Amino acid sequence: MKTYLNYINGTWMSSQSGELLDSIDPATGALVAHTQSSTAHDVELAVQTVSDAYTGSDWGSNSHRRANALLKWADAIEARAEVLAALLTSENGKPIREARVEIAGAIDALRYCAGMARNVFGRTFQPAADNFGFIMKEPIGVVAVITPWNWPVLLLFRDLAPCLAAGNGVIIKPAERTGAITAELLALLADIPAFPAGIAALVTGLGTVVGNALVEHPAVDMICFTGSTAVGKVLMQKAAAGVKKVALELGGKSPNLVFEDADLTRAIETSCRSLFMTSGQICMAGSRLLVHESVYEKAVDIAKTFAESLRVGHGRLETTDMGPIISEKQLDKVLHYIEQGRREGRVITGGYRLRGAEYDNGLFIAPTILDNLSPSSCVVQEEIFGPVLVMEKFRTEEEAIRLANITPYGLSAGVWTKDVSRALRVARQVQAGTVWVNGYNKSYAEAESGGYKHSGIGRARGVEGLMEFTETKHVNISI
Ligand code: NAP
């Protein structure tokens, strides 16, 4: 059994607590690895050493060095991709095919940001004959990156790659459940001399201990958080005390809007796939499926057939479409929402925990579809983060838009129609950081993503995603 250490100041070390956390395979209940249960003392050391590495090296000013380091890290991850994907599947439960997509996404983020590192441009202006000004972009300093367990590799690099490309030092606090895969990725960075020793640190441990200590630490200049809206709100309040910059990528309850002229089978199957991927534990999951009343019953049949065709099992099997739920706590939460949905509406398919030889040691729920729910139901309004799709009916375009915007979230949406004008009208009016037309879940390193309303603040990916990790300075010259 491997015990992973913290990575601080270019050295692997145990936590001062002497305590460990268990990393458990949610498909079997087997112990995968141990990670450090760190303390505020470990955070103190990490912040100090990252700060020293940042001020004591040319990392912030040498864009060639940064580009080179990120490219080398991408190559190292690529060379170990299959081993990393297998560990990711063991620790998180997701199908191996999906784990490979995650690793590939991380490599792509690094390569994209390596190019961006040499393109952190400001601008110039001449307001008067005797004056010249320029706007320059600088790194922020020491950034804490706090990540969730659901896409722990791709989401780590979505933030880490631009953070480092912009010239910052960074302390990573992964989710308690996915510390081992994060440590394996940092071990590859540790072997690359282009990274100054100590510029990136890993401190594993509980959010309420390590995460909290990072947010409260006066020498941490920015908090980049991906996780639940509830925790995001707490972090934002705490960060206010130190007037720290925050970037928050939070929860979602995203709708797919399927109009009567859409390619119905493609629309419904893609919407279902977007929800059942990662067992519904994905921020952008299309967890609400809004369908025009004239094709609703047909859509229900397609969705039911799709859900019942999914092969649920251990993620390491190439044939598995859907794996387990991450933890007992999350499983109970999902089952609670299903029971609420059963009481208030109709269960079209699923609605129970899977049992039997293959499932007994793991945490599996059957792909579930509910309908006949009021738009005000908590099952419609709240993020369930499990394999539970809610179907709803609409009569007009206006009603579809009103229903799409009815939850506090605004992360993403899908619009399915052959009418280009309608697609544009709806895309403009849906309050979401990403709107896909006749597709879903297509994310690119070059395209900004993020949340409206309670789904977040700031943007990840793309040019804006990199600029989130910079300060803006105006330098003005009197001629
Ligand atoms: P979470 O409970 O909010 O935890 C996220 C991270 O914050 C974990 O590392 C967690 O550590 C840490 N944390 C927890 N409490 C903290 C505190 N008081 N102070 C500082 N850090 C704290 O979320 P999760 O269950 O891991 O992930 C699921 C949520 O993330 C969903 O709501 C999902 O929609 C959202 N998400 C959003 C995006 C996006 O891009 N918008 C992407 C993925 C996921 P522990 O693991 O030790 O608790």
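The values are calculated or read from the model by the stated rules, or taken from the named source; none is laboratory data. Please read all numbers here as calculations on a predicted model, not as lab measurements. Here Cβ is always computed from backbone atoms with ideal geometry, including for glycine, and neighbour counts include all displayed protein chains. For accessibility, only protein heavy atoms count, side chains too; no ligands or nucleic acids. Shrake-Rupley method; radii C 1.70, N 1.55, O 1.52, S 1.80 Å.
Data table
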| quantity | calculated |
| --- | --- |
| Condition check for V380: at pLDDT 95 or above, within 23 Å of the chain's Cα centre (by Cα) and not in a loop (DSSP other than H, G, I, E, B) | yes |
| So L155, is it more than 25 Å from K244 (Cα to Cα), outside any strand (DSSP E or B) and in contact with a strand residue (DSSP E or B) (Cβ under 7 Å, 6 or more places away or on another chain) | no |
| Matching option when the condition is touching a strand residue (DSSP E or B) at 6+ places or on another chain (Cβ under 8 Å), surrounded by fewer than 24 Cβ atoms within 10 Å (Cβ to Cβ) and at negative phi, among I107, I171, I96, I140 | I140 |
| Matching residues in the range 191-204 - criterion: being on the phi < 0 side of the Ramachandran plot and either part of a loop (DSSP other than H, G, I, E, B) or surrounded by fewer than 17 Cβ atoms within 10 Å (Cβ to Cβ) (or both) | D191, I192, P193, A194, F195, P196, A197, I199, V203, T204 |
| Given (1) more than 9 Å from the ligand (Cβ to nearest atom); (2) in a loop (DSSP other than H, G, I, E, B); (3) β-branched (V, I, T), number of the condition V246 does not satisfy | (2) |
| Count of residues meeting criterion [in a loop (DSSP other than H, G, I, E, B), open to solvent by 40 Å² or more (accessible area, probe 1.4 Å) and closer than 28 Å to D301 by Cβ] in the range 318-351 | 2 |
| Members of the range 263-286 that are more than 10 Å from the ligand (Cβ to nearest atom), in contact with a helix residue (DSSP H, G or I) (Cβ under 8 Å, 6 or more places away or on another chain) and open to solvent by 10 Å² or more (accessible area, probe 1.4 Å) | L264, T265, E269, R273, M277 |
| Filtered residue count, the range 206-223, keeping only those that are assigned to a loop (DSSP other than H, G, I, E, B) and within 7 Å of the ligand (Cβ to nearest atom) | 1 |
| Unique match (being open to solvent by less than 30 Å² (accessible area, probe 1.4 Å) and either in contact with a Lys or Arg (Cβ under 9 Å, 6 or more places away or on another chain) or within 16 Å of T178 (Cβ to Cβ) (or both)) among F121, F157 | F157 |
| A46 open to solvent by less than 50 Å² (accessible area, probe 1.4 Å), over 25 Å from E176 (Cβ atoms) and assigned to a helix (DSSP H, G or I) | no |
| Selection within the range 65-83 - closer than 13 Å to P196 by Cα and surrounded by fewer than 19 Cβ atoms within 10 Å (Cβ to Cβ) | R65, N68 |
| Members of the range 385-420 found to be within 16 Å of the ligand (Cβ to nearest atom), in a strand (DSSP E or B) and open to solvent by 10 Å² or more (accessible area, probe 1.4 Å), listed by number | Y409 |
| The one condition in (1) more than 10 Å from the ligand (Cβ to nearest atom); (2) hydrophobic (A, V, I, L, M, F, W, C); (3) open to solvent by 20 Å² or more (accessible area, probe 1.4 Å); (4) within 21 Å of L45 (Cβ to Cβ) that A240 fails to fulfil | (4) |
| Residue that is surrounded by the fewest Cβ atoms within 10 Å (Cβ to Cβ), among those in the range 459-479 that are assigned to a loop (DSSP other than H, G, I, E, B) and touching a Cys at 6+ places or on another chain (Cβ under 8 Å) | E468 |
| Which numbered condition Y296 fails, given (1) open to solvent by 40 Å² or more (accessible area, probe 1.4 Å); (2) assigned to a helix (DSSP H, G or I) | (1) |
| Residue list for the range 299-317, filter: small (G, A, S) and either without any contact (Cβ under 8 Å) to a residue 40 or more places away in the chain or surrounded by fewer than 17 Cβ atoms within 10 Å (Cβ to Cβ) (or both) | S309 |
| Only one of L275, L289 that is in a strand (DSSP E or B), touching a residue at least 12 places away in the same chain (Cβ under 8 Å) and under 16 Å from V435 (Cα atoms) | L289 |
| Tabulated pairs, the range 205-218, first open to solvent by less than 40 Å² (accessible area, probe 1.4 Å), second more than 7 Å from the ligand (Cβ to nearest atom) and outside any helix (DSSP H, G or I), C-beta under 6 angstrom, 6+ apart or interchain | G205/S37; G205/S38; V210/S38; V210/V203; L214/A144; L214/V220; V215/I223 |
| So E176, is it within 8 Å of the ligand (Cβ to nearest atom), modelled with pLDDT of 95 or more and closer than 25 Å to Y112 by Cα | no |
